[in-house]
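Below is one structure, written out as structure tokens; the observations come after it.
Throughout, read-outs are computed from the coordinates displayed, never taken from laboratory work. Quick caveat: nothing in here was measured; it's all calculated off a predicted structure. Cβ placement follows ideal geometry from the backbone for every residue including glycine, while neighbour counts extend to all protein chains displayed.
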Amino acid sequence: MVITGGVHGDEPAGAYAADQIRHWPITRGKLIVVPRANVVALKANKRNTPGEPAETANLNRNFPKAKEGGQPRGALATALWEFTRQQKPAWFVDLHEGSDFNAMTNKSVGSSVIVFPTTDGKAVAPAVQAAVNATITNQNHRFTLRGPPVDGSLARAAGAHLGAHAMIMETTIKSQALSIRARQHRVMVHTLLKHLDMIDATVTPEWMTARVSPNTPTPHVAVYDAGGTGGTSAVRVAEQVGKQPGAIVVRVCGDDIRGGALDQFNVVAVPGGSGSKEAATIGEDGRARIRKFVEDGGGYVGICAGAYLATSGFSWGLKILDAKTPSPKWERGHATVKLELTNKGRQVFGDIQGVFDCKYANGPILCPANVESLPDYEVLAFFRSEVAEHNTPPGIMINSPAIVAGRYGQGRIICASPHPEQTKGLEKFIARAIAWVTGRASIAEKANAR
Ligand SMILES: [Zn+2]
């Protein structure tokens, strides 16, 4: 089987999922994955290939058509076609994304499985569709079955000229987090590989990373980026942590966490948005899994909503941090505020003296919750100014904790009420927080034993 991703550069989930699927051990046959088929287009985040003339700009129209003598057009299509042909694939799968849900509009093929009409391909496609649809509650977002792939596409050419059972899997970019779209791709490919007996029961759709040596505890970070997250927080965190040497950073959704995905990581990061909505989407089982993960030595980094989520004063909170909010009025406003590090904070974030600016957006005001079973948090930074809009109580923010560190079981926690990940000059804060909460080899060993 040959799987390609990233043929269109503005459809990132296909490339993301392919890069995860390539780690799956194959027990029968052979799996060849080309995760980033169109590197320049992916870098530019463009559908069309930068630098190509208009007639060959859309890579997925350059593969041998039925009528034009069967020749690919352009250097990239020629190379990809030559490579694919040499593999003599029995199966070919191309991972794409559409702009809108095909179940709702004919203007896009988003959320569909587009099958080249071979007997075997048509036989398995409904199972692929059913598996992914079982993960989707909204009827309008369910996958449709279509076919054949458009003339000039790699899937069409693989079916027509190589005799492969070929299909395009399309997720939908609109209103869905990258983590969810990547999971949908994994669920579909997993179903197909399972059907062909190419993987055994140890491979689940939650398998996202390489097995790596746990000897040096480099960060393997799951960044929650699905329901309840907002703005650019998850993207910034993933970028900033991903720049660390050896770091593995993967964006995960609620189904991933509930399915046991955290086994592969030693840190979970929960970015900004709405704490109660994040809690609802992660679900009770997912929250229990995060608690157990930290208890067993995993790290937790929460920013704004992710900090609310860690606290002990809400029914939906993780209750891993001995902190609560002193007032139920949370909508203090958006502002640039002043912070100052403590001595402990300088050990974690570096030697920054005096006050400095940080973006703030309705983050929690923290005070001790005095939960008997939890150790007290340590303050890493204090607010040195405040914002108190929308009838929120004044005076409780200034000189209150802005960033705190805690412990839960074997695990370490850092929670930031403001947004250093979105503040110019503070881009290293989250990576340093991750480094501080990472370090327990036990979790990495567990991941390695998978
Ligand atoms: Zn596409």
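Computed values, structure above
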{"quantity": "For the chain, calculated [θ]222 nm from helices alone, where every DSSP H run of n ≥ 4 adds -39500 (n - 2.57)", "calculated": "-9000 deg cm²/dmol"}
{"quantity": "Ranked packing of 335-343, 399-407, most packed first, by mean Cβ within 10 Å", "calculated": "399-407, 335-343"}
{"quantity": "Loop GluC sites (Glu not before Pro), the stretch 341-387 (other Cβ atoms within 10 Å of the site Cβ: 11 or fewer; DSSP)", "calculated": "GLU372"}
{"quantity": "Per DSSP, loop GluC sites (Glu not before Pro) in the stretch 251-336 with at most 12 further Cβ within 10 Å", "calculated": "GLU331"}
{"quantity": "Loop-located trypsin sites (Lys or Arg not before Pro) in the stretch 1-104 whose Cβ has at most 13 other Cβ within 10 Å (DSSP)", "calculated": "ARG28, LYS30, LYS67"}
{"quantity": "THR137 paired with SER373, simple spin-label distance in nm, labels 7 Å along Cα-to-beta-carbon", "calculated": "2.8"}
{"quantity": "Inter-part distance where the stretch 1-66 and the stretch 281-333 are each reduced to a Cα centre, Å", "calculated": "38"}
{"quantity": "Local net charge near THR27, Cβ-Cβ under 10 Å (Lys/Arg +1, Asp/Glu -1)", "calculated": "-1"}
{"quantity": "Tilt relative to the chain, helix 12-21 - C-alpha long axis, 0 to 90 degrees, to 10", "calculated": "90"}
{"quantity": "Label-to-label distance, nm, for residues given as LYS243 and ASP151 (7 Å Cα→Cβ offset)", "calculated": "4.9"}
{"quantity": "In degrees, nearest ten, helix 428-437 long axis to first principal axis of the chain (Cα)", "calculated": "80"}
{"quantity": "Links that overshoot a 21 Å alpha carbon limit, given the list LYS43/LYS277; LYS46/LYS107; LYS122/LYS194", "calculated": "LYS43/LYS277"}
{"quantity": "0 to 90° range, to nearest 10: angle between helix 178-195 axis and the chain longest Cα axis", "calculated": "50"}
{"quantity": "Within a Gaussian network of the chain (alpha carbon springs, distance under 10 Å), most fluctuating of VAL270, VAL150, VAL187", "calculated": "VAL150"}
{"quantity": "Fluctuation leader among ILE180, ILE365, ILE352 - the chain, Gaussian network, Cα springs under 10 angstrom", "calculated": "ILE352"}
{"quantity": "Net lengthening on full extension, ARG28/ASN106 (0.36 nm per residue, minus Cα-Cα)", "calculated": "24.3 nm"}
